[in-house]
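Please read the structure below before turning to the comments.
The values are calculated or read from the model by the stated rules, or taken from the named source; none is laboratory data. Fair warning: this is a prediction, and the values are worked out from it, not measured in the lab. Glycine also receives a Cβ, built like all others from the backbone with ideal geometry; neighbour counts cover every protein chain displayed.
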Amino acid sequence: MSNAPPNNASAPHQAIGLLYQDHHGWLVGWLRRRLGCSHNAADLAQDTFVRLINGSLPEVREPRHYLVTVAKRVMVDHFRRRALERAYLEALAQQPQAEEVSPEVRLQIMETLLALDAMLLGLGHKPRQAFLMSQLLGMNYNEIAERLGVSVSSVTKYIAKATEQCLLFALDAEH
């Protein structure tokens, strides 16, 4: 037996383990009522606890309230990811069948789209749309302004703001 003090690095993991043990079943039920699917509820409950493991766990006074807050964020990310996947698959279905895209290439495209989505997360709807129309659809500023119902000057500002957001995201990712 060792008389060494307990490893404090494992304390957060122990706290998460207790949180999991005491509230996992409840969280799955809460998610199932909102999603209407026990499989998705179980997956998102696991994702919620993975997010806790990968983050820093603050002192939690109301564990269920805290878990609901984290789970809501996980659900939002899940729905955004599904919407991106659906949009990508719809766009793919509209393309001519010149070449079949391999599963590896599809995965790479989805990862790129998810990274782009993360980069643009803090932007408002119109700056985000303007940037995507410009970069993904190749639309010019006049076309974007007309589609969004704004001035070309606004589109210029939107694109500049989105570009800055992407650069800041890339710089943060390097560190």
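Please go through the range 121-153 and give me each residue that is assigned to a loop (DSSP other than H, G, I, E, B) and under 26 Å from Asp77 (Cβ atoms), ordered by number.
Leu121, Gly122, Leu123, Gly124
Just give me the residues in the range 33-59 being outside any helix (DSSP H, G or I) and surrounded by 14 or more Cβ atoms within 10 Å (Cβ to Cβ), in sequence order.
Across the range 33-59, the qualifying residue is only Leu57.
Is it the case that the range 77-96 has a residue that's among the hydrophobic types (A, V, I, L, M, F, W, C), farther than 30 Å from Arg147 by Cα and surrounded by 10 or more Cβ atoms within 10 Å (Cβ to Cβ)?
Within the range 77-96, none of the residues are among the hydrophobic types (A, V, I, L, M, F, W, C), farther than 30 Å from Arg147 by Cα and surrounded by 10 or more Cβ atoms within 10 Å (Cβ to Cβ).
What do you reckon, is Ala91 farther than 22 Å from Leu35 by Cβ and of a type in the set (A, V, I, L, M)?
yes
What are the residues in the range 57-84 that are under 14 Å from Leu19 (Cα atoms) and in contact (Cβ under 8 Å) with a residue 12 or more places away in the chain, if any?
Passing the criteria: Leu57, Val60, Pro63, Arg64, Leu67, Val68, Val70, Ala71.
Evaluate the following for Val74: is it modelled with pLDDT of 80 or more, outside the structural domain of Leu132 (by TED's automatic domain parsing) and under 29 Å from Leu132 (Cβ atoms)?
Taking the combined requirement at face value, the residue satisfies it.
Among the residues of the range 90-100, is there at least one that is at positive phi and either at pLDDT 80 or above or not polar (S, T, N, Q) (or both)?
For the range 90-100, residues at positive phi and either at pLDDT 80 or above or not polar (S, T, N, Q) (or both): absent.
The conditions are (1) part of a helix (DSSP H, G or I); (2) over 19 Å from His24 (Cα atoms), and Lys72 fails exactly one of them. Which is it?
Status for Lys72: all satisfied but (2).
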